[in-house]
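Please treat every number below as a calculation from the coordinates, not as lab data. Since this is a predicted model, take the numbers as computed values, not measurements. All Cβ positions, even for glycine, are placed from backbone atoms using ideal geometry, and neighbour counts span all protein chains on display.
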Amino acid sequence: MSARLIFQAARRPVLRGTHLGVAQFSTARAVLKKKERHAGGGKASKVAEEPEIDISALLDIKEVESSLEKTIKAFNDKAKLAKQGSSELQRFTQLSVNLGKTHEQKLNEIATVATRGNKVMIVAFDPKHVKYIQSAVVGQLNMPAEPVATDKQTLAVTIPPNSASKKDSVLRQIKEDFEHFKQSQSHHSIAAIRQKALNPIKKARTQLTADDFRKLNGQVEDVVKQYTQKLTDAFKKAS
């Protein structure tokens, strides 16, 4: 081997080592500069100030009271229907009335049906249908349907007194309605209305003083307590 080739072979490791050293150093400098630029940008940037929060926008107590008032009314309406025998009323509205020549219609399609005390009042849209309705009530429900003397389009059906089992069923229904309007996941329950009112207050907690946070929560809890008692009183009255 010539002296020139030996000399070139001897230089190769030195060249590789030098090349690696330069590459590592260049990479390190690039990372260092990137970090410096990031740090410098952080120093130059201004800290964003949190906008002031409008406390009055977090809670509309009148709206909360209005929603709770609707809940009490809805419960009272349901309890009233249960006590008046809404299941009996449904039996009437779904009654099939034969109008002759194999033509049948549901009672609620040809008349209005409503309760009045212990009676179901049926008002036919067409006076000609009264006799067919009367026959359907007597034949299918085994109840007498008496024409009202002052209105030839109206029939009055007397509902028999509720049995003990029927009363128990009504009370169970009222109890279920009470629990539903008190604490179900339905949007019109007291629990759901309370949660909806508290959510924006909780989200803004870090922007509120301790006193403001306590005051807003207290307003919600006070009105919820008031209407929970109203619902309880309505339940006791209906039971």
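For the pair residue 151 and residue 205, a Förster radius of 45 Å applied to the C-beta separation gives a FRET efficiency near 0.10, rounded to the nearest 0.05. Inter-label distance, residue 179 to residue 135: 4.7 nm, where each label sits 7 Å from its Cα along the C-beta direction. The protection proxy used here, the mean number of other Cβ atoms lying within 10 Å of each residue, ranks peptides 115-128, 185-198 as follows, highest first: 185-198, 115-128. For q values of 0.14, 0.21, 0.22 Å⁻¹, compute log₁₀ I(q)/I(0) with the Debye formula on a Cα-only model of the range 86-158, without solvent. Evaluating at q = 0.14, 0.21, 0.22 Å⁻¹ gives log10 I(q)/I(0) of -0.35, -0.83, -0.91. Could you tell me the calculated FRET efficiency between residue 187 and residue 80, based on Cβ-Cβ distance and R0 = 30 angstrom, to the nearest 0.05? Efficiency, from the Cβ-Cβ distance: 0.85. Applying 1/(1 + (r/R0)^6) with r as the Cβ-Cβ distance of residue 112 and residue 61 and R0 = 30 angstrom yields a FRET efficiency of 0.15. In the frame of its principal axes, the range 76-230 has Cα extents of 76, 33, 29 Å, reported largest first.
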